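See below for the structure under consideration.
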Amino acid sequence: MAIRIQEILKQRKQDTKVTVKGWIRTRRDTGAFSFLEVNDGSCLSNLQIVADRELTNYDREITKLSAGCSVVIEGDLQKSPAKGQDVELHADYVQVVGWADPETYPLQKKRHSLEFLRSISHLRPRTNVLGAVTRVRSQLSFSIHRFFQERGFAQIHTPIITTSDCEGAGEMFQVSATGEKKETPFFGSQAGLTVSGQLQAEVYAQALGQVYTFGPTFRAENSNTSRHLAEFWMIEPEMAFCDLNSNIELATDLLKFVLNDVLETCSEDLDLFNKFIEKGLIGKLRSVVEDEFVHVSYSAAVEELSAVAEPFEYPVQWGIDLQSEHERYLTEEIYKCPVIVTDYPAAIKPFYMRVNDDGKTVAAMDILVPGIGEIVGGSQREERFDVLLQRMTDAGIDSKEYEWYLDLRRYGTVPHSGFGLGFERLVQFVTGMSNIREVIPFPRTPGYAPC
Ligand code: 4AD
Ligand code: MG
């Protein structure tokens with residue numbers, strides 16, 4: 001029976017015949033037999049294989065195995081006398097599927113820097129840390145879908161190619177056909193890669209009530225930071241008949257749900273991060289699940305930050321967009337927990353956010369977490385036709401291109417809200433990885449897009 005190592009270690013069955021398929025991590029010879037550590041990617045742990053010198057290919061092949069070789073092993077699971085493992089596999093048969101030249105295989109037993117691993121992006125998932133990140137990322141994705149599906153949200157596949165710049169920040173990548181002429185663009189007008197599925201999600205929320213998107217998002221910001229990617233994944237729920245408070249509640253519930261889920265399902269991988277990447281990580285995640293988030297208005301946050309003696313690179317005053325240093329100071333130094341900041345100045349936020357009664361601020365909310373800063377950005381949307389049109393005019397947006405969006409305010413408009421959760425920032429928060437490039441399989445950043 002072919003079986004994955006995760007199952008073997010879970011069941012701890014002894015005296016059973018199994019077949020295991022994976023890659024050699026190490027080999028140690030004792031004279032009478034060899035110990036092979038094999039990893040198949042199903043979990044962090046390796047399985048110890050005992051290969052007796054009586055095996056027919058022992059001298060010819062087994063004693064030549066090295067890190068990276070792929071193997072299929074049949075044998076008996078037996079109780080292991082060694083510390084730290086319940087079972088080991090006594091091989092009846094070791095088939096070498098693919099050799100890996102030890103002279104050139106880049107992954108050696110020593111610890112490699114994460115920067116070095118990024119330079120071999122085709123091999124880095126074979127390391128403990130990147131394998132663990134990948135499993136946690138997959139589990140988080142599954143938990144997010146479960147959260148929304150269990151609450152009756154429909155998943156919407158919003159377009160990747162779009163003609164609207166949702167955030168209005170002019171950070172789009174252009175899409176054109178090879179040899180396309182400027183006068184006759186392929187899509188009739190200039191198209192780009194989406195910066196957000198929100199506007200399209202709003203369409204479906206105003207028909208299905210509760211929807212969400214989970215898709216790739218592209219931003220041509222030239223920011224080479226540890227929290228920005230040119231291609232990232234975003235989760236964007238949108239709810240009709242929903243104000244800012246219910247929106248905040250949904251975002252808080254989502255974060256607590258997925259963190260709780262990952263604490264239960266990924267404990268082995270989280271232990272690794274807790275030990276080697278961020279000390280105290282598991283305690284941090286538990287407290288986010290259990291404790292209340294702090295809620296503060298933008299104006300109050302600016303007041304708090306203005307009172308800080310420490311000089312910031314960007315001085316704080318009402319009206320500025322909070323910079324990463326301000327966000328992190330709020331969540332790491334002042335409150336020491338996740339912080340929800342609401343009611344930002346209208347002038348620094350996109351046209352679609354609902355204008356508050358004071359006429360100066362909008363019903364926006366950002367969630368800031370320690371170590372990252374902004375992880376969620378959302379708002380109640382402007383549902384009043386006239387106010388929306390005015391905001392578009394003020395922002396210099398050609399309303400003719402957004403007639404379809406304005407139609408939603410003409411026909412059966414409703415208060416509605418939603419937010420965007422940056423998936424890689426969530427994976428960063430859960431794994432403690434300090435650079436966002438470590439939490440996506442193939443990162444894309446300015447000047448960088450290998451394989
Ligand atoms: O705050 P943002 O720009 O919000 C929106 O796009 C809204 N349309 C969302 C909505 O209301 N439906 O982005 C949302 C989140 C940020 O909080 C951050 O976590 C992540 O997306 N994000 C990035 N992650 C990685 N690299 C980048 N360049 C990112 N830009 C934003
Ligand atoms: Mg934002």
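Some notes on this structure:
- Single residue of VAL50, VAL71, VAL38 found to be part of a strand (DSSP E or B), touching a His at 6+ places or on another chain (Cβ under 7 Å) and open to solvent by less than 20 Å² (accessible area, probe 1.4 Å): VAL50
- Unmet requirement for LEU368, which otherwise passes all of (1) over 13 Å from LEU255 (Cβ atoms); (2) open to solvent by less than 30 Å² (accessible area, probe 1.4 Å); (3) touching an Asp or Glu at 6+ places or on another chain (Cβ under 6 Å): (1)
- Flag for GLU88 being surrounded by fewer than 18 Cβ atoms within 10 Å (Cβ to Cβ) and farther than 18 Å from PHE423 by Cβ: no
- Looking across the range 298-323, the residues that are touching a residue at least 24 places away in the same chain (Cβ under 8 Å), open to solvent by less than 40 Å² (accessible area, probe 1.4 Å) and either of a type outside the set (A, V, I, L, M) or not in a loop (DSSP other than H, G, I, E, B) (or both) come down to TYR298, ALA301, LEU305, GLY319.
- The set of residues in the range 391-427 that are in contact (Cβ under 8 Å) with a residue 24 or more places away in the chain, more than 16 Å from ligand 2 (Cβ to nearest atom), in contact with a helix residue (DSSP H, G or I) (Cβ under 7 Å, 6 or more places away or on another chain) and assigned to a helix (DSSP H, G or I) comprises MET392, TYR402, TYR405, LEU408, ARG409, ARG410, VAL427.
- Residue match in the range 379-389 (condition: within 14 Å of ligand 1 (Cβ to nearest atom) and open to solvent by 10 Å² or more (accessible area, probe 1.4 Å)): yes
- All positions within the range 173-192 that are in a loop (DSSP other than H, G, I, E, B) and within 12 Å of ILE160 (Cβ to Cβ): PHE173
- Residue count, the range 400-449 (criterion: open to solvent by 20 Å² or more (accessible area, probe 1.4 Å) and either in contact with a strand residue (DSSP E or B) (Cβ under 6 Å, 6 or more places away or on another chain) or β-branched (Val, Ile, Thr) (or both)): 3
- Residue match in the range 169-185 (condition: open to solvent by 50 Å² or more (accessible area, probe 1.4 Å), within 12 Å of ligand 1 (Cβ to nearest atom) and of a type in the set (Gly, Ala, Ser)): yes
The values are calculated or read from the model by the stated rules, or taken from the named source; none is laboratory data. Just so we're clear, the structure is a prediction, and the values are computed from it rather than from any experiment. Methodologically, a virtual Cβ is constructed for each residue, glycine included, from the backbone with ideal geometry; neighbour enumeration extends over all protein chains shown. Heads up: the accessible areas ignore ligands, DNA and RNA and are worked out on the full protein's heavy atoms, side chains in. Shrake-Rupley method; radii C 1.70, N 1.55, O 1.52, S 1.80 Å.
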